Amino acid sequence: MDNLLEIQNLTVELMSTRGIVYALSGVDLAVRPGEIHGIVGESGCGKSMTAKSILRLHNPQRSRMRGSIRFEGRELLDLSNREMEKLRGTDISMIFQDPMTSLNPIMTIGGQIADMYRVHTGAGKAEAWEKAQELLAKVGIEPASKRCKQYPFELSGGMQQRVMIAMAIACSPKLLIADEPTTALDVTIQAQILELLQQLSADMGMSILLITHNFGVVAETCDRVSVMYAGKVVETGDTRELLQGASHPYSRALIRSIPGGGAKGSRLETIPGSPPALFEPPLSCMFAPRCPYAEEGCLKAYPAMADCGGGHLAACFKPLDKEVPAHV
Amino acid sequence: MSEPVIRAEHLVKEFPIASKKLGEPKKVLHAVSDVSLSVPKGSIFGIVGESGCGKSTLGRSLLRLETITGGKVYFQGQDITDLSGKDLLPLRRNMQMIFQNPYASFNPKQKIGSALREVAKVHKMPADQAEEKIRNLLHEINLPEDTLHRIPSEMSGGQLQRLAIARALLLDPAFIVADEPVSALDVSVQAQILNLMMDLREKFSLTMLFISHEMTVVRHLCDQVAVMYLGTVVEQAESEELFNNLLHPYTQTLMSAIPTLDPEHKKQRIVLQGDLPSAIDVPPGCPFADRCPKCQPQCRESRPQLKDVGNNHLVACHLVG
């Protein structure tokens with residue numbers, strides 16, 4: 001099966017006042033048609049950076065991108081700005097963590113959706129307004145004809161996120177990038193939004209790249225998942241398989257630090273130390289200084305992604321055995 | 001049984017809302033309505049609920065950072081409901097708070113050492129004693145001594161939150177309110193902070209009100225748990241009893257909405273319709289009635305009271321017990 005999106009060896013370097021930041025150093029990622037693919041990792045590991053790179057949202061004057069991002073076989077890094085603009089919102093669209101800051105506070109939600117639709121399709125005003133209502137109904141904001149005329153501040157956070165989703169799916173994109181779409185929401189609302197995303201993905205055959213820091217969200221929504229650490233993907237695989245038996249020591253430690261598995265008051269597993277600052281290009285395994293299994297070789301070279309059975313890839317010289325359950 | 005460290009009786013906190021038009025009747029936001037709880041010495045009391053349910057206001061009211069609209073608050077047996085200004089000062093020393101975002105609770109230009117010493121100075125602790133105490137606490141929270149010469153932007157979120165905990169412990173308070181202390185942190189750092197809290201609790205026999213929106217964290221840490229919805233407690237019990245025997249429909253939905261690692265879990269998911277109703281025009285019946293999957297006609301007519309259904313398990317629902 002051909003991949004819808006294929007990222008190979010993507011590096012992103014950002015200029016900062018303190019020098020070059022190696023934000024991404026060789027990301028490999030593939031999203032299949034129709035699947036929900038999760039990217040999970042802690043703050044600063046490059047999840048959002050990867051998402052923004054796909055849409056080329058970095059300031060070109062202050063960043064340098066190398067590698068390859070192929071979408072339906074087209075190389076996105078070679079496209080002109082105009083071609084890229086055409087792609088954004090029609091073939092690939094994106095929703096963000098905080099819907100309130102993404103919506104225009106002094107414009108009705110119907111107006112915003114209609115405007116966006118007109119820009120991309122050249123439709124007339126009346127047609128776009130119709131479409132806006134149809135989209136709102138599709139994401140569960142009813143009665144749409146009345147809600148269309150409301151302003152963002154009149155809606156709750158969950159409803160605002162639904163508006164963002166309505167806007168993102170207006171042109172039936174093939175890929176939706178959702179950057180922490182439920183992090184600002186309460187759990188009961190989070191459940192509603194995740195349900196909606198899954199349903200839309202199934203109905204429209206749309207792939208979703210879901211970025212989150214919550215393994216629980218991944219477990220319930222994603223078909224496959226990639227774990228990121230310090231600007232690299234360290235493990236990729238089928239969600240269920242990875243959660244039950246992570247091969248990379250970092251993924252496993254991360255899964256084990258989630259409370260809820262052990263008895264009340266039992267000690268939670270922690271990862272000693274903190275993630276590396278990204279001011280130097282990585283030459284060895286980035287996790288080695290914190291890894292309980294690290295050996296001399298780990299500090300000398302970066303491990304390539306290797307298959308540990310059934311399409312499950314891990315970037316580790318000493319991948320862990322699957323038999324040990326990851327979450328006891 | 002000895003006197004609990006903090007005890008609230010029928011606590012009510014309302015905020016007046018300015019009327020938008022002349023002559024419009026005044027409206028009131030019912031942030032906390034009729035909450036009673038007591039936290040015994042050495043235990044951690046958890047408050048869970050979604051945003052806007054009044055959990056932070058409850059914490060602030062117990063510390064008397066808010067004036068109280070109705071009911072009583074007792075601290076170590078003393079009625080502190082109506083104390084004001086100067087009379088509260090000696091209490092402040094005994095009651096401390098830890099906030100969600102450590103970057104916002106430290107002065108960004110002030111060195112850590114100075115921030116910690118200031119606390120001691122305000123409460124007239126002798127300088128040499130304070131110095132020794134600070135060094136001891138740094139050791140407890142596993143940070144090197146040169147931390148004192150740094151400013152907050154040089155620290156990570158987890159390190160700074162540990163310092164916030166140390167600052168709260170500096171005066172040996174009898175009671176601490178921790179308002180979402182781990183919500184802004186990554187899971188691996190969150191685990192470190194939770195471990196630290198469990199250690200410190202043993203060592204200093206801390207009494208704490210732990211406010212969180214995460215059921216799993218509360219379950220892991222707390223002895224007693226109260227679940228809040230729209231300003232009222234809907235269910236309260238010993239932690240183990242509550243989580244093994246979820247009785248209120250709201251608690252059940254809240255628990256089932258949490259994404260877990262178990263792929264089978266999702267099938268039993270109860271997805272709630274709608275949002276939290278406004279705390280300004282609270283309906284007369286059960287506050288949860290509009291969203292409750294088991295709602296009956298009586299639920300819309302009268303508000304259910306908290307009642308004991310055995311094992312000190314309190315539930316406010318017409319359909320339980």
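The numbers here are math on the coordinates, done by the rules we state, and not lab data. Computed from a predicted model, the values in this text were never measured in an experiment. Reconstructed Cβ throughout: ideal geometry from the backbone, glycine too, with neighbour counts over all protein chains shown.
Annotation: the residues B:Ser278, A:Ser25, sorted from fewest to most other C-beta atoms within 10 Å of their own C-beta, follow the order B:Ser278, A:Ser25. Every pair of different Cα atoms in the protein assembly as shown enters the Kirkwood calculation, which places the hydrodynamic radius at 26.9 Å. Peptide B:177-188 shows a mean partner chain C-beta count of 4 within 10 Å per residue C-beta. Expressed in Å, the radius of gyration and Dmax of the Cα atoms of region B:48-191 are 16.2, 47.
Charged neighbours of B:Leu143, selected by a Cβ distance under 10 Å, balance to -1 (K, R count +1; D, E count -1).
Net charge in the neighbourhood of B:Ser19 (other residues with Cβ under 10 Å of its Cβ; Lys, Arg +1, Asp, Glu -1) is +3. For chain B, dividing the convex hull volume of the Cα atoms by the residue count gives 165 Å³ per residue. Here, region A:125-164 has an Rg and a Dmax of 9.6, 28 Å when only alpha carbons are counted.
Taking every alpha-carbon pair under 8 Å whose residues sit at least 6 apart, chain A reaches a relative contact order of 21 percent. In order along region B:142-158, the Karplus-derived 3J(HN,Hα) couplings, from 6.51 cos²θ - 1.76 cosθ + 1.60 at θ = phi - 60°, round to 6, 10, x, 5, 5, 4, 4, 8, 9, 10, x, 5, 8, 10, 7, x, x Hz, and Gly and Pro are given as x. Of A:Met286, A:Met84, A:Met164, the sequence from fewest to most neighbouring Cβ atoms within 10 angstrom is A:Met84, A:Met286, A:Met164. Taking other C-beta atoms within 10 angstrom as a stand-in for reagent exposure, A:Thr108, A:Thr121, B:Thr232 fall in the order A:Thr121, A:Thr108, B:Thr232, fewest first. Within the P(r) computed for region B:69-132, what percentage of the Cα pairs occupies the region above 16 Å? Here the tail beyond 16 Å accounts for 62 percent of pairs. Take A:311-319, B:148-156, B:47-55 and order them by the average number of nearby Cβ atoms within 10 Å per residue, most first; the result is B:47-55, A:311-319, B:148-156. Rounded to the nearest 10 degrees, the angle from helix A:125-138 to the longest Cα principal axis of chain A is 50 degrees. Computed on region A:133-175, with alpha-carbon pairs under 8 angstrom and 6+ residues apart, the relative contact order is 44 percent.
Over all other residues within a Cβ to Cβ distance under 13 Å of A:Tyr22, the charged ones net out to +2, with Lys and Arg as +1 and Asp and Glu as -1.
Ellipticity at 222 nm from helices only: DSSP H runs of n ≥ 4 in the protein assembly as shown, each -39500 (n - 2.57), divided by the residue count, give -8500 deg cm²/dmol.
Which parts of region B:73-112 would a label at B:Leu65 reach, counting a residue when its backbone N lies under 15 Å from a point 7 Å out along Cα-to-Cβ? Residues B:92-107 fall inside that zone. The angle separating the long axis of helix B:187-204 from the principal Cα axis of greatest extent in chain B is about 70 degrees.
Computed on the Cα trace of region A:169-248, the radius of gyration divided by the Kirkwood hydrodynamic radius gives Rg/Rh = 0.97. Peptide A:267-279 is shielded by partner chain Cβ atoms: per residue, an average of 4 of them sit within 10 Å of its Cβ.
Look at the stretch A:214-222: the mean tally of other chain Cβ atoms within 10 Å of its residues' Cβ atoms is 4. Taking only the alpha carbons of chain A, we obtain Rg and Dmax values of 20.7, 67 Å in that order.
Within region B:204-321, the percentage of alpha carbon pairs spaced more than 21 angstrom apart rounds to 41%. How far is the Cα center of region B:182-217 from the Cα center of region B:1-70, in Å? What the calculation gives is 22 Å, centre to centre.
Projection of the Cα convex hull of region A:197-328, averaged over all directions and equal to a quarter of that hull's surface, yields 9.5 nm².
Shape call for region A:118-201 from the C-alpha gyration tensor, a ≥ b ≥ c root eigenvalues: rounded (a/c under 1.5), prolate (a/b greater than b/c) or oblate? Cα axes put region A:118-201 in the oblate bin. Restricting the calculation to Cα atoms, region A:52-181 shows an Rg/Rh of 1.00 when the hydrodynamic-style radius is the Kirkwood one. Our summary gives chain B a relative contact order of 20 percent, counting only alpha carbon pairs under 8 angstrom and 6 or more residues apart. With the Cα gyration tensor of region B:150-200 giving a ≥ b ≥ c as the square roots of its eigenvalues, does the rule (a/c under 1.5 for rounded; else a/b larger than b/c for prolate; else oblate) give rounded, prolate or oblate? Because a/c hits 1.5 or more and a/b fails to exceed b/c, region B:150-200 counts as oblate.
Over region A:18-88, what number does the Rg to Rh ratio reach, with both radii from the alpha-carbon atoms and Rh per Kirkwood? My calculation puts Rg/Rh at 0.96.
For q values of 0.16, 0.22 Å⁻¹, compute log₁₀ I(q)/I(0) with the Debye formula on a Cα-only model of region A:62-118, without solvent. Each listed q maps to, in turn, -0.72, -1.00. For B:Tyr229, the residues whose modelled amide H falls within less than 5 Å of its own, excluding neighbours fewer than 5 places apart on the same chain, are B:Val234.
Residues within the reach of a label modelled at A:Asn59 (point 7 angstrom out along Cα to beta-carbon, backbone nitrogen below 11 Å), restricted to region A:1-19, are A:15-17.
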